[in-house]
Amino acid sequence: MPNDLYATVFENNRRWVAEKRASDPDFFTRLAGGQSPEFLYIGCADSRVPANEIMGLEPGEVFVHRNIANLVVNTDINCSSVIQFAVEHLDVRHIVVCGHYSCGGVKAAMQSQDLGLLNGWLREVRDVYRLHAEELNAIEDETARYHRLVELNVEEQCVNVIKTAFVQKSYRRRGFPIVHGWVYKLEEGLLRDLQVPFEEVL
Ligand code: CO
């Protein structure tokens, strides 16, 4: 099959194992012994935003949850379980919600087409829009408005993380995790900290 990446994946994997072993002979045995990542990263499922790579972190250093449009929905047992496990069992020091400009999920939420199953999921982003409609509607340039919605969506998802009971409990008791909102720009590869006022929301 031409242009089929599938065939190369196992070759890539064996090469990666060899390289890791060459530079760090204990790499795999050490990781097999357990994980204690400092970060929980909640990001978009977009294939162009790989958590470990953009943070320059190795396997074992970041616990990752990704979904379309990096949403933290209260009733989502998947995301809630990830946060609870990361906070109560892994003792992560930082929780990052990372959005990205040119996010198809956020863009879709700004339009009124029928997206099937995604309608319900992206409802959350539409709620973020409604919550900030005054600010957003005042932005005339559509791209600028879309970029701002990406940022506001990250901030609102950070609030959803901060409002989680086990995050609150852990922070009061131990002073962590700290919640951060980031946005990633595909054209540059650069991350920006949105400086979400964590203490004020708490
Ligand atoms: Co996206």
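The values are calculated or read from the model by the stated rules, or taken from the named source; none is laboratory data. Predicted, not measured: the structure shown is a model, and the values here were computed from it. Counting neighbours? That spans all protein chains shown, and the Cβs are built from the backbone with ideal geometry, glycine included.
Could you list all residues from the stretch 16-72 that are surrounded by 11 or more Cβ atoms within 10 Å (Cβ to Cβ) and among the aromatic types (Phe, Trp, Tyr)?
Across the stretch 16-72, the qualifying residues are PHE27, PHE28, PHE39, TYR41, PHE63.
Residue check, SER47 against (1) within 13 Å of the ligand (Cβ to nearest atom); (2) more than 14 Å from TRP182 (Cβ to Cβ); (3) touching a residue at least 12 places away in the same chain (Cβ under 8 Å), all met but one. Which one?
Among (1) within 13 Å of the ligand (Cβ to nearest atom); (2) more than 14 Å from TRP182 (Cβ to Cβ); (3) touching a residue at least 12 places away in the same chain (Cβ under 8 Å), SER47 violates only (3).
Return a yes/no flag: does the stretch 42-63 have any residue that is polar (S, T, N, Q), touching a Pro at 6+ places or on another chain (Cβ under 8 Å) and under 28 Å from VAL128 (Cβ atoms).
Scanning the stretch 42-63 turns up at least one residue that is polar (S, T, N, Q), touching a Pro at 6+ places or on another chain (Cβ under 8 Å) and under 28 Å from VAL128 (Cβ atoms).
Under 8 Å between Cβ atoms, which residue pairs at least 6 apart in sequence (or on different chains) link something in the stretch 133-149 that is in contact (Cβ under 8 Å) with a residue 40 or more places away in the chain with a partner that is surrounded by 12 or more Cβ atoms within 10 Å (Cβ to Cβ) and among the β-branched types (Val, Ile, Thr)?
TYR146/VAL106; LEU149/VAL106; LEU149/VAL125; LEU149/VAL128
Filter the stretch 50-73 down to the residues that are within 16 Å of the ligand (Cβ to nearest atom), of a type in the set (Val, Ile, Thr) and touching a Phe, Trp or Tyr at 6+ places or on another chain (Cβ under 7 Å) and list them by number.
Residues satisfying the conditions are ILE54, VAL64, ILE68.
ASN160 is checked against (1) at pLDDT 95 or above; (2) buried (at least 16 other Cβ atoms within 10 Å of the Cβ); (3) touching a strand residue (DSSP E or B) at 6+ places or on another chain (Cβ under 8 Å); (4) not aromatic (Phe, Trp, Tyr) and fails just one. What number does that condition carry?
Result: ASN160 passes all but (3).
If you go through the stretch 50-62, how many residues are under 10 Å from the mean Cα position of the chain (by Cα) and in contact (Cβ under 8 Å) with a residue 24 or more places away in the chain?
Counting residues in the stretch 50-62 that are under 10 Å from the mean Cα position of the chain (by Cα) and in contact (Cβ under 8 Å) with a residue 24 or more places away in the chain gives 1.
Is one or more of the residues making up the stretch 138-153 aromatic (Phe, Trp, Tyr) and more than 16 Å from the ligand (Cβ to nearest atom)?
Looking for residues that are aromatic (Phe, Trp, Tyr) and more than 16 Å from the ligand (Cβ to nearest atom), one finds none in the stretch 138-153, hence no.
Quick one: how many residues across the stretch 77-110 are within 16 Å of the ligand (Cβ to nearest atom) and among the aliphatic types (A, V, I, L, M)?
Total satisfying the criteria: 6.
With the requirement that a residue be assigned to a helix (DSSP H, G or I) and surrounded by 11 or more Cβ atoms within 10 Å (Cβ to Cβ), what does the stretch 166-202 give you?
PHE166, VAL167, GLN168, LYS169, SER170, TYR171, ARG174, PHE198, VAL201
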